[in-house]
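Enquirer: I'd like to ask some things about the structure below.
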Amino acid sequence: MDKKGVQNSLLDAVVSVGWTHKINEKQSERYMWWFKVVSTLQLISAGVTSTGAITLFFTDKYWAKIITSIFGLISFICVGILKAWDFKELATKSKQYANSQFILRERLIDCLRDLLYNLEPIDKIISEWRIIEKERLEQSARAPQTANLSVKKASKQLKKKTG
């Protein structure tokens with residue numbers, strides 16, 4: 001492979017891992033947002049239900065019971081959601097994967113720099129690139145799921161950065 005081919009391959013790899021890093025970073029932020037929203041909703045609904053605050057605003061016992069039941073149901077559902085989906089753990093996994101992609105990107109950039117400034121022989125750079133590619137493919141097997149919204153947010157942020 002000639003120098004230009006290696007350079008193009010390294011650039012493609014940098015873009016690929018950079019893109020994956022940003023998507024997983026956004027997915028992590030999304031999980032944390034959901035954790036905060038559901039936890040806050042659960043805390044408020046449990047507090048309103050357990051303190052009897054509803055009876056202060058509704059003198060009609062019938063409506064007080066209905067509204068207390070609704071708040072109790074909201075609290076129950078929130079607890080179920082928080083138990084079913086461990087948003088903190090999902091956020092941590094997405095962030096860890098994003099960080100691993102960031103490290104690969106930095107190593108690829110080092111290879112690119114070494115190539116462009118002739119700091120290392122091309123054979124050594126190709127060897128390092130192959131090692132990084134192998135690691136990238138191994139990591140991709142354990143990549144966490146991402147939502148389309150995270151892809152859109154990552155795309156928007158990357159476009160803003162480059163544009």
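No lab work stands behind these numbers, since they all come straight from the coordinates. Please read these numbers as outputs of a predicted model, since none were measured by experiment. Note that we place each Cβ from the backbone using ideal geometry, even for glycine, and neighbour counts take in every protein chain shown.
Enquirer: Which net charge results for the neighbourhood of Thr20, defined as the other residues with beta-carbon distances under 10 angstrom from its beta-carbon, given Lys and Arg at +1 and Asp and Glu at -1?
Expert: +2
Enquirer: Can you tell me the alpha carbon radius of gyration of segment 55-145 divided by the globular rule-of-thumb value 2.2 N^0.38 Å?
Expert: 2.18
Enquirer: Here's something else I'd like to know. Count the net charge of all other residues whose Cβ sits under 9 Å from the Cβ of Ala154, scoring Lys and Arg as +1 and Asp and Glu as -1.
Expert: Local charge sum for Ala154: +4.
Enquirer: Given the Cα-Cα distance of Gln96 and Leu137 and 0.36 nm per residue of separation, how much length would full extension add, in nm?
Expert: Length gained between Gln96 and Leu137: 13.2 nm.
Enquirer: Next question, about the same structure. Asp2 to Asn148: FRET efficiency via 1/(1 + (r/R0)^6), r the Cβ-Cβ distance, R0 35 Å, to the nearest 0.05? Mind dumping the intermediate values first?
Expert: On the way: r = 39 Å, r/R0 = 1.10.
Step by step, r from the Cβ atoms, then E = 0.35.
Enquirer: While we're looking at this one, here's another question. Compute from the Cα atoms of the chain the Rg and the Dmax, the latter being the longest Cα-Cα distance, and quote both in angstrom.
Expert: 24.6, 84
Enquirer: Still on this model: With labels modelled as points extended 7 Å from the Cα through the Cβ direction, what inter-label distance (nm, one decimal) is found for Ser39 paired with Ile77?
Expert: Distance between label points: 2.1 nm.
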